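**Q** Submitted below is the structure of interest, expressed as structure tokens.
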Amino acid sequence: MRMRMIINKKMTLWLGVFVLLLGGVGCADTSSENTGERLYSRQYLVFGTVLDVLVWAPENQQQALDEALLAVEQRLNAMHHQWHAWKPGRLQAINAALRAGRSIELTEEERQLIQRARALSEQTQGRFNPAVGELVHLWGFHADEFPLHSPPPDAAAIEQWRSQHPDMQNLVFEGKRLRSRNRAIWLDFGGIAKGYATDVAAAILRNHGFPNSIINAGGDVLVSGKKGLKPWRVAVRAPDGSWQGEVVAVIPAKAGEAIFTSGNYQRYTEYNGTRYAHILDPRSGWPVKAVASATVIAPDGTTADAAATALMVAGWRDWPAVAAGLGLNQVLMLGASGRCEMSAAMAQRLSRSRLHCQVRPLKPVAASEPRQSAAQEQPKPQERP
Ligand code: AMP
Ligand code: MG
């Protein structure tokens, strides 16, 4: 297996393997005598994550495959510079313009991704909110290396951020140009970039004539086609030690599915014995802490990535409503102390499951039903270290 570094700078290898690949997928030389096909593997480093590209392809198409993989590499490399919120590049230029109250001309791809992110933010009622960049910065979660040991930001600074309500709906598209009605916006696509990268990589492979692939971005996977006659299989790993063992279930993935997990403990700051996760509740300005991991199956990586982040923020009470709002019905939520909830459709997908989960219906929260306020889920000021 060859590790091809497409980024020269030192980066954190975030091997967030909540989801492991099973069935010999990690082996580049798995071949099938019957079909003349075999598994090819290439690794790239993008957005702080190892992106594993596995292609099931005919053995006699090595040259075409090399060309396809080179195209993937070039595109991922460009995307890393285009979409990184905290390194010099296009997104920083866009953010600087929005902050200065200027409008900026977007490429068609930029316009489409920002609009997509805005729609996903709206569908999750702002729980997925990539306009939280300034808050991410306040908490120090823009760092390359984790864990951190910095204290939480000053409560007044969080309140100041909250009072400005940076929101994707503040963005105004005027033809090819973008501006913001709110200068507190700083776009951070950390919650969606890996998903988008998997979609782009799979599309490039497909366009080069390779429809059977699995793209694994640090445990988040996008499945296209099949591995010979067998489906790709994805193992769901326990988020922490309280689950006795690593693999808690296996999902035989179907073609065209993205299986993504967000977790609260791989990137965090630990201070005075308390861990603060890198996923932030935009309503409170504080990290989520109720749920340890959220796994979701969606029709594409971009949606799955945003959804997993939003489900973490939604917490135990609201995850069914957030899933329903996104039109997704396969969700698995795990808590640190062994709590487990999932949807009926997810229950049907799990094989070899060691989980005993409460199955909950996905129905939107009624308008009259009071929503759990962000404050209920967050530590009170006097409880903070
Ligand atoms: P993920 O691991 O996909 O859940 O993404 C987490 C990353 O998304 C963080 O490192 C932040 O850069 C960013 N982020 C944190 N909280 C949010 C949120 N509520 N909405 C959107 N992006 C977020
Ligand atoms: Mg995400």
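**Q** Just name the residue that is farthest from Ser353 (Cα to Cα) out of those in segment 248-262 that are out of contact with any helix residue (DSSP H, G or I) (no Cβ under 8 Å at 6 or more places or on another chain) and either in a strand (DSSP E or B) or among the basic types (Lys, Arg) (or both).
**A** Only one residue tops the list, namely Glu257.
**Q** When both residues are 6+ apart or on different chains and their Cβ atoms are under 8 Å apart, which pairs have a first residue that lies in segment 216-228 and is at pLDDT below 90, and a second that is within 16 Å of ligand 1 (Cβ to nearest atom) and β-branched (Val, Ile, Thr)?
**A** Gly218/Val17; Gly218/Thr49; Gly218/Val50; Gly219/Val17; Gly219/Val19; Gly219/Thr261
**Q** In addition: Against the conditions (1) of a type outside the set (Phe, Trp, Tyr); (2) away from ligand 1 (no atom under 12 Å from the Cβ); (3) over 21 Å from Leu355 (Cα atoms); (4) over 15 Å from the mean Cα position of the chain (by Cα), where does Val322 fall short? Just the number, please.
**A** Unmet for Val322, out of (1) of a type outside the set (Phe, Trp, Tyr); (2) away from ligand 1 (no atom under 12 Å from the Cβ); (3) over 21 Å from Leu355 (Cα atoms); (4) over 15 Å from the mean Cα position of the chain (by Cα): (2).
**Q** Let me ask something else. Scanning segment 53-71 for residues that are within 19 Å of Val223 (Cβ to Cβ) and not in a helix (DSSP H, G or I), which turns out farthest from the chain's Cα centre (by Cα)?
**A** Ala57
**Q** Check whether at least one residue in segment 332-344 is at pLDDT 95 or above and within 16 Å of the chain's Cα centre (by Cα), and report yes or no.
**A** yes
**Q** Can you find, within segment 207-225, the residue that is surrounded by the fewest Cβ atoms within 10 Å (Cβ to Cβ) among those that are at positive phi and away from ligand 2 (no atom under 16 Å from the Cβ)?
**A** Applying the filter and picking the extreme gives Gly209.
**Q** If you don't mind, another one. Look at Asp305 and say whether it is of a type in the set (D, E, K, R), farther than 21 Å from Gly133 by Cβ and either within 12 Å of ligand 2 (Cβ to nearest atom) or part of a helix (DSSP H, G or I) (or both).
**A** Answer is no for this residue.
**Q** Across segment 126-178, which residue is farthest from Pro282 (Cα to Cα) among those that are more than 11 Å from ligand 1 (Cβ to nearest atom) and of a type in the set (Phe, Trp, Tyr)?
**A** Phe173
**Q** Checking the structure you have, find out if any residue of segment 272-287 is touching a residue at least 60 places away in the same chain (Cβ under 8 Å), more than 12 Å from ligand 2 (Cβ to nearest atom), part of a helix (DSSP H, G or I) and of a type outside the set (Phe, Trp, Tyr).
**A** Scanning segment 272-287, I find no residue that is touching a residue at least 60 places away in the same chain (Cβ under 8 Å), more than 12 Å from ligand 2 (Cβ to nearest atom), part of a helix (DSSP H, G or I) and of a type outside the set (Phe, Trp, Tyr), so the answer is no.
**Q** Quick one: how many residues across segment 179-218 are within 17 Å of Asp300 (Cβ to Cβ) and within 13 Å of ligand 1 (Cβ to nearest atom)?
**A** 10
**Q** Which residue out of Ile192, Ile185, Ile204 is under 21 Å from Phe141 (Cβ atoms) and more than 16 Å from ligand 2 (Cβ to nearest atom)?
**A** The unique qualifying residue is Ile185.
**Q** What are the residues in segment 14-58 that are within 16 Å of ligand 2 (Cβ to nearest atom) and at pLDDT 90 or above, if any?
**A** Answer for segment 14-58, where residues must be within 16 Å of ligand 2 (Cβ to nearest atom) and at pLDDT 90 or above: just Leu51.
**Q** Continuing with the same structure: For segment 193-205, check the following and say yes or no: at least one residue is in contact (Cβ under 8 Å) with a residue 12 or more places away in the chain and touching a Pro at 6+ places or on another chain (Cβ under 6 Å).
**A** For segment 193-205, residues in contact (Cβ under 8 Å) with a residue 12 or more places away in the chain and touching a Pro at 6+ places or on another chain (Cβ under 6 Å): absent.
**Q** For Ile215, indicate whether it is in a helix (DSSP H, G or I) and over 19 Å from Phe128 (Cα atoms).
**A** Here the answer is no, as Ile215 does not meet what is asked.
**Q** Now a separate question. From Ala197, Ala143, which residue is under 24 Å from the mean Cα position of the chain (by Cα), within 28 Å of Val72 (Cα to Cα) and away from ligand 2 (no atom under 16 Å from the Cβ)?
**A** It is Ala143.
The values are calculated or read from the model by the stated rules, or taken from the named source; none is laboratory data. Just so you know, these numbers come straight off a predicted model, no measurement behind them. Glycine also receives a Cβ, built like all others from the backbone with ideal geometry; neighbour counts cover every protein chain displayed.
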